[in-house]
Amino acid sequence: MRMKRLLTVLSILVFTMTALNAQNSEKMLKHVVLFKFKDSSTPADVKKVEDAFRALPSKINTIKTFEWGTNNSPEKLNQGFTHCFSLGFASEKDREVYLPHPDHKAFGAILTPHLDKVLVIDYWAEK
């Protein structure tokens, strides 16, 4: 009887640990970047920046998710920020690989001449 009870408790413990690990593995470190471009930047300049940013996931394998878009809020609270890029990383270590990565630095060189302001927020996504 004790052995059966012990096996039941162990089974529950294993199930709980497995569920917690699965839950933790679903966590995603989000890196959200907003751009406000200089008034002097042309649509072609902005397109070049968009294309360069969109290419990063194919060059940096620690980027697990990538989305982007332009502001379309009717609230008019964007303070001139027009572009939003959201990257997902599995860990802070993966983000640490991304930030100094040569391809990320090369993107910065394309962006900088056209950038008026940038806002970056990183957070662990919660469900």
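Below is a table of values for the structure above.
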| read-out | value |
| --- | --- |
| Odd one out for LYS76 among (1) open to solvent by 90 Å² or more (accessible area, probe 1.4 Å); (2) of a type in the set (Lys, Arg); (3) touching a residue at least 12 places away in the same chain (Cβ under 8 Å) | (3) |
| Restricting region 69-127 to residues that are assigned to a helix (DSSP H, G or I) and among the small types (Gly, Ala, Ser), the residue that is farthest from LEU29 (Cα to Cα) | ALA109 |
| Residues (closer than 17 Å to ASP103 by Cα, in contact (Cβ under 8 Å) with a residue 12 or more places away in the chain and open to solvent by less than 100 Å² (accessible area, probe 1.4 Å)) located in region 28-54 | HIS31, VAL33, VAL49, GLU50, ALA52, PHE53 |
| Region 99-123, residues that are more than 24 Å from ASP45 (Cα to Cα) and surrounded by 12 or more Cβ atoms within 10 Å (Cβ to Cβ) | ASP122 |
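The values are calculated or read from the model by the stated rules, or taken from the named source; none is laboratory data. Predicted model only: the values in this text are computed from it and were never measured. Ideal geometry is used to build each Cβ from the backbone, glycine not excepted, and the neighbour counts take in all protein chains shown. Heads up: the accessible areas ignore ligands, DNA and RNA and are worked out on the full protein's heavy atoms, side chains in. Shrake-Rupley method; radii C 1.70, N 1.55, O 1.52, S 1.80 Å.
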